[in-house]
Amino acid sequence: MTTAEIAIPEKSLADRLMTPRILVGLVLLMWIPLTIYVMFGKSLGPAKDIILMPAIPATVILYLLAVRAWRESWVAILGLTLVFFWLFMAVTAPWLPLVDPNKPTVASFTLPLHTKKDMFFWLGSDQKGRDMLSRTIWGCQRVLVWGVTATFVAYVVGAAFGLVAGYLAGWWDEVISFIANVFLSFPVMVLYILILNYIGASGFNIIIAVTFASAPAIMRIVRGLTLDIKTRDYIFAAQTRGEHPIYIMLIELLPNSRGPIIVDACLRLGYTTVAITTLTFLGLGLQPPDPDWGLMIKESAITGLIPQFSYQLLIPALSVSTLILGFNLLADGLREMSLRD
């Protein structure tokens, strides 16, 4: 049989989509519209809902591709499903049949699955008569966008300093490690409160606070990985070819340390979600009037203690818990699969 007669199996559509370039494109197609919608939606006017339209198919395709790729770990699939459930709610919120989450009504303190003043409430209403279901779904947008964006910025900063400290060593390592140790000496929540009290409470300032609090720990992780990987033969080969240190750090070192970094990133997303919710509860995080899970917990801190109205406290608390559980299960599943490899 000649080479021409050998049948080469054709790749499936899923296999053709599982390329780094397409996957990055899908992530950007999902995340950039959602970020613009949350951060700058008020200045975009009535056309802001159209921005989210490309994010819906991108979210669905990414979920299906991830399920196919990680199907060997049910833990990863369960975590992925929880995270993508809230992502799907976030990108489809403008088209769901929901009432205005900020509109008060006379139907206050309505229990879940009850009707009051000719209005039916699936998850009840709060002390101002606002629909709990609407506020829960709309609230996930702010938690996801600010939490993931803050973690991403912290990773960019921490990974950059970790690569420099680990690869260049010498006085670079000493200076960067000393500064990181200074920040790590502060309790994380104390550092958050100090920074936000100084620069003010807002979403963008949360990114700054998370970067200062998380980047030093990320730097330590990336530095340790770099110290191990830089002794490998392919690093010596790149140095022999005369490659620039920046090329070696970004092209040779960083991609080969991605496994532990991805696992840590999933766990750190959970930590950041807890931090943002806690800061909002303390009045130092995301500000009203837009709904947010931490703000919902804060507003129901008193009425939620009454057993009859405990749903006002339980619904946002369980929403936060499911998202954090999703990130943690995803991290466990990815770690489990990496150990098999």
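Every number here is computed from the coordinates shown, using simple stated rules; none is lab data. Every value quoted in this text rests on a predicted model; they were computed, and no experiment measured them. Cβ coordinates were reconstructed from backbone atoms using ideal geometry, including for glycine residues, and neighbour counts include every protein chain displayed.
Residue by residue through segment 64-81, note down the ones that are among the hydroxyl-bearing types (Ser, Thr, Tyr) and surrounded by fewer than 18 Cβ atoms within 10 Å (Cβ to Cβ).
Residue satisfying the conditions is Thr81 alone.
So which residues in segment 76-101 are closer than 18 Å to Pro57 by Cα and either of a type in the set (S, T, N, Q) or not in a helix (DSSP H, G or I) (or both)?
Thr81, Thr92, Leu96
Only one of (1) within 24 Å of Glu336 (Cβ to Cβ); (2) within 23 Å of the chain's Cα centre (by Cα) is not met by Ile229, so which one is it?
(2)
Do any helices (runs of 4 or more DSSP H) entirely within segment 117-200 hold 1 or more residues that are of a type in the set (Lys, Arg), and if so, which?
Ranges flagged: 132-168.
Please enumerate the residues belonging to segment 275-295 that are in contact with a helix residue (DSSP H, G or I) (Cβ under 7 Å, 6 or more places away or on another chain) and of a type in the set (A, V, I, L, M, F, W, C).
Scanning segment 275-295 gives Ala275, Ile276, Leu279, Phe281, Leu284, Leu286, Trp293, Leu295.
Do any residues in segment 79-101 that are over 12 Å from Leu52 (Cβ atoms) have Cβ atoms under 6 Å from those of residues that are part of a loop (DSSP other than H, G, I, E, B) and not β-branched (Val, Ile, Thr), where the two are at least six apart or on different chains, and which pairs are they?
From segment 79-101, the pairs are Pro101/Pro291.
Scan segment 129-157 residue by residue and report those that are surrounded by fewer than 22 Cβ atoms within 10 Å (Cβ to Cβ) and aliphatic (A, V, I, L, M).
Once the filter is applied, which keeps residues that are surrounded by fewer than 22 Cβ atoms within 10 Å (Cβ to Cβ) and aliphatic (A, V, I, L, M), segment 129-157 yields Leu133, Ile137, Val145, Val148, Val153, Val156, Val157.
Sort through Leu269, Leu329, Leu250, Leu318 and tell me the only one that's assigned to a helix (DSSP H, G or I), surrounded by fewer than 15 Cβ atoms within 10 Å (Cβ to Cβ), touching a residue at least 40 places away in the same chain (Cβ under 8 Å) and not acidic (Asp, Glu).
Leu250
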